[in-house]
Amino acid sequence: MDMLSDDTENMAVAGRVKDPLSGASFSETQEEEILGPAAMAIQGLPSRAARVRPLKPSQKAAVIVRLLLSQGLTPSIDRLPPEHQETLALTMSRLGPINRDTLYAVIREFAEALDDLALTFPSALPDAVQLLEQHLSPNAAENLKSKAAAGDGSDPWPILAAMPAERLAPLLVHESAEVCAILLSKIGVAKAAEILEGLPEDRAPQVAHAISLTSTVTPTMVEKIGKALLKQMQSQPRSVFKASAVERVGAMLNAARGTAREAILKGLMERDAAFGEDVKRAIFTFEHIPRRLDAKDVAKVMRKVDGETMLTALAAGLKSCPAVVEFLLGNMSKRLAEQIREDANSRETPRLEEGEAAMNSVIAAIRDLEEAGELRLIPPEE
């Protein structure tokens, strides 16, 4: 264990360390020279250099830690890797008494090294990843975490626990109930509850009951299971798209013209009925507004959409989807609704392309408000 590791450096304090024997500060004791080397030699006393006990770096670190503890300070020993903590404890148990000159020599070396220290770096890859994580892309961060886990044999469970619930959920479909129980027990209560809620009705009680059977599982077995699950997750190809296929197709069809959207959706249903149904539920068009938009959020949408665009959309909607127009007008002030209705009725019916473009702009505004967290759409009916 390096005497001047990052954590040992953090043990240093702003003031001078006191001499545990005399109570004087180290600087005062260092400057106190009662007998010079020559006088000590005449009196047959050994020089201070001769009385300094040779120590290894790990022993010097133990001396510094013991000195700080004797001063009532709390070194951040828990920040050291577990194997370094064990080495420190074993070293302290074997050091025995340290004379004053050895203590002064260790403190002097430690202080000189700190004075000359300009910059420190993480001592291991996991620490480096933690330092850089917020500046790394998600893929790079996860790859580095995997390399850190594989390189030093560290615990795989923190990496698994950091994965989103939607990535871990598929594991509970294929793995045994006992393995699923261990996984849920190691990833945190909130995330475990989220995954458990999403399981089929017959599977969830089975996995929940298996948790009661995990009390006798050994730490070695838990570690093996964690490494196996992590390896399985790392072998899965990562999608380069943030949104799912259903969401991407649904967004495209949202922006398409009505006739083209219906034709594409019909063909999609013929090719893959299950996927087509999912896309159909993901589609959100102007005619879906009364079923998906909360009445209290109509005012937000009206403020978000340009007035001319909204008038065009409502004028087109008076003919193609009057229920949507009534829903929007019925959830704003009566005076404003009457004014907008009058303006919309006084217009000629917009051309099909113009009307659909205005309606799509309204839908885009609603989606923007949803992404900003200013409203929440009602989930589509199954």
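The values are calculated or read from the model by the stated rules, or taken from the named source; none is laboratory data. Note that this is a predicted model, so its numbers are computed, not measured. Counting neighbours? That spans all protein chains shown, and the Cβs are built from the backbone with ideal geometry, glycine included. Ligands, DNA and RNA are stripped out before the accessible areas are found, and what is left, the full protein with its side chains, is counted by its heavy atoms. Shrake-Rupley method; radii C 1.70, N 1.55, O 1.52, S 1.80 Å.
Checking the conditions here, which among V324, V301, V362 is without any contact (Cβ under 8 Å) to a residue 60 or more places away in the chain and either β-branched (V, I, T) or in a loop (DSSP other than H, G, I, E, B) (or both)?
Details: V301 fails: without any contact (Cβ under 8 Å) to a residue 60 or more places away in the chain; V362 fails: without any contact (Cβ under 8 Å) to a residue 60 or more places away in the chain.
Testing whether each residue is without any contact (Cβ under 8 Å) to a residue 60 or more places away in the chain and either β-branched (V, I, T) or in a loop (DSSP other than H, G, I, E, B) (or both) leaves just V324.
Among the residues of segment 204-213, are any of a type in the set (G, A, S) and at positive phi?
no
Between V173, V217, V246, which is among the β-branched types (V, I, T), surrounded by 16 or more Cβ atoms within 10 Å (Cβ to Cβ) and touching a residue at least 12 places away in the same chain (Cβ under 8 Å)?
Criteria check complete, one pass: V246.
Going by what's in this entry, would P290 be described as more than 35 Å from the chain's Cα centre (by Cα) and open to solvent by 50 Å² or more (accessible area, probe 1.4 Å)?
No, not satisfied.
Test each condition in (1) touching a helix residue (DSSP H, G or I) at 6+ places or on another chain (Cβ under 9 Å); (2) under 18 Å from A255 (Cα atoms) for E353 and report the one that comes out false.
That leaves (1) as the condition not met.
Quick one: R271 ticks every box in (1) within 18 Å of L369 (Cβ to Cβ); (2) open to solvent by 50 Å² or more (accessible area, probe 1.4 Å); (3) at pLDDT 80 or above except a single one, so which number is it?
(1)
Let me confirm something: among K296, K334, which residue is more than 44 Å from the chain's Cα centre (by Cα), of a type in the set (K, R) and over 22 Å from G258 (Cα atoms)?
Step by step, each of K296, K334 is checked, and only K334 is more than 44 Å from the chain's Cα centre (by Cα), of a type in the set (K, R) and over 22 Å from G258 (Cα atoms).
Of all residues in segment 108-125 being open to solvent by 90 Å² or more (accessible area, probe 1.4 Å) and acidic (D, E), which is nearest to K60 (Cα to Cα)? Talk me through it step by step, then tell me what you get.
Restricting attention to segment 108-125, the residues satisfying the condition of being open to solvent by 90 Å² or more (accessible area, probe 1.4 Å) are 112, 115-116, 118-119, 121, 123.
Remaining after also requiring acidic (D, E): 112, 115-116.
Working: E112: 14, D115: 17, D116: 18 Å.
Among residues in segment 108-125 that are open to solvent by 90 Å² or more (accessible area, probe 1.4 Å) and acidic (D, E), the one nearest to K60 (Cα to Cα) is E112.
Quick one: count up the residues across segment 83-107 that are open to solvent by 50 Å² or more (accessible area, probe 1.4 Å) and either touching a helix residue (DSSP H, G or I) at 6+ places or on another chain (Cβ under 7 Å) or among the polar types (S, T, N, Q) (or both).
6
Within segment 310-336, how many residues are more than 13 Å from A295 (Cβ to Cβ) and open to solvent by less than 40 Å² (accessible area, probe 1.4 Å)?
Of the residues in that region, 10 qualify.
Taking the criterion of being among the small types (G, A, S), touching a residue at least 24 places away in the same chain (Cβ under 8 Å) and within 30 Å of L318 (Cβ to Cβ), would at least one residue in segment 260-269 satisfy it?
Scanning segment 260-269 turns up no residue that is among the small types (G, A, S), touching a residue at least 24 places away in the same chain (Cβ under 8 Å) and within 30 Å of L318 (Cβ to Cβ).
Would you mind telling me which numbered condition in (1) open to solvent by 50 Å² or more (accessible area, probe 1.4 Å); (2) under 22 Å from A245 (Cα atoms); (3) outside any helix (DSSP H, G or I) R347 fails?
(2)
Test A128 against the criterion of being within 19 Å of P81 (Cα to Cα) and either open to solvent by less than 40 Å² (accessible area, probe 1.4 Å) or among the hydrophobic types (A, V, I, L, M, F, W, C) (or both), and give yes or no. Working first, answer last.
Working: within 19 Å of P81 (Cα to Cα): yes; either open to solvent by less than 40 Å² (accessible area, probe 1.4 Å) or among the hydrophobic types (A, V, I, L, M, F, W, C) (or both): yes.
It is true that A128 is within 19 Å of P81 (Cα to Cα) and either open to solvent by less than 40 Å² (accessible area, probe 1.4 Å) or among the hydrophobic types (A, V, I, L, M, F, W, C) (or both).
I'd like to check something: does segment 264-277 contain any residue that is more than 35 Å from the chain's Cα centre (by Cα), part of a loop (DSSP other than H, G, I, E, B) and over 15 Å from N360 (Cα atoms)?
Just the residues of segment 264-277 that are more than 35 Å from the chain's Cα centre (by Cα), to begin with: 264-273.
Now drop any that are not part of a loop (DSSP other than H, G, I, E, B), which leaves 272.
Adding the requirement that they be over 15 Å from N360 (Cα atoms) leaves 272.
Checked against the condition, which is being more than 35 Å from the chain's Cα centre (by Cα), part of a loop (DSSP other than H, G, I, E, B) and over 15 Å from N360 (Cα atoms), segment 264-277 yields at least one hit.
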